[in-house]
Amino acid sequence: MADTIDVIGAVAAKPAGAPEGGRPKGSGFARYLVTKLVAAAISFLVTLVIGFVLFSLMPADPVQSITRGRPTSDAQMARLRHQLGLDQSVPERFFHFVTDTLTGHLGTSWEFQQPVSSLIGDRLWPTLLLMGTATVISVLLGLWLGVRSGWRHGSWLDRIVTGASLTLWSVPTFWLGMILLITFSVGIGPFPGFLPAGGMSDPAITGGLDHVVDVAKHLVLPCLTMVLVVFAQYVSVMRSSIIDELGSPYLLTARAKGLRDDDVRRRHAVPNALLPSVTMIFMHLGTVLGGAITVETVYSWPGLGQLSYQALKVPDLPLLQGTFIVFSASVILMNLLADVVYRFLDPRVRAQ
Amino acid sequence: MTHHEPLTKADPPVAAPPVAPVTSKPRHNGFTGFIRSFLRIRSGVAGLGILVVFALLALCAPLFISHNDLDVIKVDGPSLHSPTDGYPLGTDQEGRSILLLVIWGARSSLSIGLMATVLTVVLGSAVGLIAGHYGGWIGKALMHLTDWFIALPGLPLAISLSAVIGQGTASITIAIAITSWSSTARLVRAQTLAVEAKPFIERARALGAGGPQVMLRHVLPNVTPLILVSSTLTVASAILSEATLTFLGLGDPTGISWGAMLNSALSGGAVTSGAWWYLYPPGIAILIVVLGFTLTGRAVETILNPRSVKTR
């Protein structure tokens, strides 16, 4: 494949005159990166506008919710309004909101009476641990199964995999979590459960290695739930992009060179089919973080998802707003990464 | 948005050679042909069968379930009991029959799923049509808006919206529609661009048709099949979203829905006491209905868009 690509590359490069053009290498990429960064910044600003409209303009009167049920004089209400900045004009409030957010001041949680940013900081790591583990496992599993079933589409393996992915896509994440919880942690009938029920660790177990093992045990079920729900989507993306490559002439060339079927798949089809899948995975990563809300609720995993659920119950608007901004920012970041990674992976995009 | 390019490959006519499609044979001849092709796809028929059964159950539920069966105060069954005589699927904490609750829950899940889909499709199609028809700054602005909404995380936005609007059926319906219209808009826009490139649109314009007339009389009928397919799949995800939002406690607090049942199962300790009969029925109901819509949607898609057959 290396020589085919080289030939095509040389032919394509000649008319453009890129190699001799004397343009400093990487400047194209820098410009590309700047464009994408600006686009990401604009997206974030739009998110802030939506967040501002949602949490600052739409609720009737935050002061009413805060003082709910407590006898408050008009003077106290006015002072509270002034403290919260509600007596300012809308553009002023938006400006303060943006500067506060950018400097990490997300307000104070009504429920926990703590700064929202420190609450989010505490809960970020458990979520990253859960999502990171689940993502690595589901990406590897999904891509592998997708390649296998796409390469021999119509085979029994393919039919099982597609059926299973379709079914798993139709399953509500939280329900799957509850079923796994009752099966493996509580136990049904004569089969006792053997995994811990909820939380991230047992406070009774302390000390280096024991603590790690304990956290790992608590991680098994929430992680398994996420993997089961998420990997199916990677399977279908990878499967259809492999199928799209199947008819390509370069595969015929590879076969004509006498390569074994496994080599044709691994060295020729998979690298090309990976492109759409990789970008898809990155774009999906951001939304996966949102999917953590239900899983963390079911398993009382002390992460951002459970924090949003706690905020939702009250409802604690500053906290909800904080988690909304963090979730949106993570999606934007992942989309940015997708663009950058795509650029590195696909020579066709690089050449443009 | 380079990363969208591989995903929008499914817009065939844009790059198609400008040979007039007039002489090409129609894919199916009218409604009967469509039905005949549909009946040939076994999974689609199974999906449609599931939907018919659930729709009938939901519609007829008031005939055999009285409010006394569902009222916490008036029921007299055992609390959180495994399946026994008279309670084929067991009871919940309040002593209500799980079977009756699941059947009643179909009403709210199906109606919210359908209403949210109608809202989503109307909103998405309108934005997509306008964005596709009017290029220029209107089209660009609408496309940027769509892209931003696609990039927003669905569930956090939906729960924030319903938390701000307040609990209730209307609020989750709106939340679902606002978080899901963008993909319909993108699809409809792509298709609108494809249709508008065809000669008959130019002919209509030459005969003096204005913007609205071209959009509604010429483009919309050609985009409708695609909208229908995408809406079948939209119902599936809307029902999943409805279940998730009601599970998080955002629906009508007194209403009965599958998500709300699972919420009270979790908070009422059904999981820790091993009450599996409380957990399985609502979840399996969601699974089957979502599967029903997905299978039906895919079958229709296969008939209308033969290119998708190989990726199915």
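Quick look at the numbers
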| quantity | calculated |
| --- | --- |
| Residues B:THR120, A:THR162 arranged by fewest to most Cβ contacts within 10 Å | A:THR162, B:THR120 |
| Tilt relative to chain B, helix B:30-40 - C-alpha long axis, 0 to 90 degrees, to 10 | 50 degrees |
| Relative contact order %, chain B, counting alpha carbon pairs below 8 Å whose residues are six or more apart | 25 percent |
| Virtual paramagnetic centre 7 Å along Cα→Cβ of B:ALA209, amide N under 19 Å, in the range B:171-198 | B:188-198 |
| If the convex hull is drawn through the Cα atoms of the range A:194-293, its volume per residue in Å³ | 151 Å³ |
| Estimated FRET transfer efficiency (B:SER267, A:ALA41; beta-carbon r; R0 45 Å; 0.05) | 0.65 |
| Cα-based convex hull volume of chain B per residue, rounded to whole Å³ | 169 Å³ |
| Sorted peptide list for B:186-195, A:301-310, B:224-233, criterion being average Cβ within 10 angstrom, highest first | A:301-310, B:186-195, B:224-233 |
| Rg followed by Dmax, in Å, when the range B:112-259 is reduced to its Cα trace | 17.3, 58 |
| Likely footprinting exposure, A:TYR32, B:TYR134, fewest C-beta neighbours within 10 Å first | B:TYR134, A:TYR32 |
| Cβ-Cβ FRET estimate between B:THR84 and A:HIS96, R0 fixed at 45 Å, reported to 0.05 | 0.15 |
| Charge dipole magnitude, Cβ of K and R +1, D and E -1 - the range B:84-232, Cα centre, debye nearest 20 | 660 debye |
| Whole-angstrom gap from the range A:245-266 to the range A:278-309, using each part's C-alpha centre | 39 Å |
| Cβ neighbours within 10 Å from other chains - mean over B:267-276 | 4 |
| Within a Gaussian network of chain B (alpha carbon springs, distance under 10 Å), most fluctuating of B:GLY33, B:GLY297, B:GLY132 | B:GLY33 |
| Cα-centred dipole magnitude for the protein assembly as shown, charges only on beta-carbon of K, R (+1) and D, E (-1), debye, nearest 20 | 2600 debye |
| Pair-distance profile P(r), taking every C-alpha pair of the range A:250-347, with 10 angstrom steps and integer % | 15, 29, 21, 17, 11, 6, 1 |
| Amide hydrogen neighbours beyond the local backbone of A:THR108, cut-off 5 Å, H modeled | A:VAL116 |
| Whole-angstrom Cα spans of the protein assembly as shown along principal axes, big to small | 76, 67, 61 |
| Relative contact order %, the range B:144-271, counting alpha carbon pairs below 8 Å whose residues are six or more apart | 28 percent |
| Computed E for A:LEU57/B:TYR134 - FRET, C-beta separation, R0 25 angstrom, nearest 0.05 | 0.30 |
| Local electrostatic count at B:ILE65 - Lys and Arg +1, Asp and Glu -1, tallied over other residues with Cβ under 14 Å | +1 |
| Top positive-direction residue, dipole computed over the protein assembly as shown with Cβ charges, set A:GLN306, B:ALA265, A:VAL171 | A:VAL171 |
| Cα radius of gyration and Dmax for the range A:126-272 (Å) | 19.9, 64 |
| Of every Cα-Cα pair in the range B:116-165, the percent that sits beyond 12 Å | 69 percent |
| 3J(HN,Hα) from dihedral phi, the range A:217-232, Karplus parametrisation 6.51/-1.76/1.60, rounded to Hz, x for glycine, proline | 5, 5, 6, 3, 5, x, 5, 4, 4, 4, 4, 4, 6, 7, 4, 4 |
| Charge dipole of chain B about the Cα centre (unit charges at C-beta), most positive-ward option of B:ALA131, B:ALA197, B:ALA236 | B:ALA197 |
| The range B:192-263: equivalent-ellipsoid semi-axes (sqrt of 5 x gyration tensor eigenvalues, Cα, Å) | 44, 12, 7 |
| Radius ratio Rg over Rh of the range B:225-296, counting only Cα atoms, Kirkwood formula for Rh | 1.08 |
| Alpha carbon convex hull of the range A:89-157, projected area averaged over orientations, nm² | 9.0 nm² |
| Neighbour-count ranking [beta-carbon atoms within 10 angstrom, fewest first] of B:PHE54, A:PHE324 | B:PHE54, A:PHE324 |
| The range A:312-340 and the range B:188-235: distance between their alpha carbon centers, rounded to Å | 36 Å |
| Top of B:HIS67, B:HIS144, B:HIS81 by mean-square fluctuation, Gaussian network on chain B, Cα under 10 Å | B:HIS67 |
| Value of [θ]222 nm, deg cm²/dmol, for the protein assembly as shown, DSSP H segments ≥ 4, -39500 (n - 2.57) each, nearest 500 | -23000 deg cm²/dmol |
| Cα convex hull volume per residue for the range B:193-312 (Å³) | 143 Å³ |
| Student exercise, the range B:39-122 dipole from Lys, Arg, Asp, Glu Cβ charges, in Debye to nearest 20 | 540 debye |
| Most fluctuating residue given options B:SER109, B:SER66, B:SER37, as computed from a GNM of chain B linking Cα atoms under 10 Å | B:SER66 |
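Values in this text are rule-based calculations from the coordinates and carry no lab data. Only a predicted model underlies this, so the values are computations on that prediction, with no experimental measurement involved. Note that each Cβ is placed from the backbone with ideal geometry, even for glycine, and that neighbours are counted across all protein chains shown.
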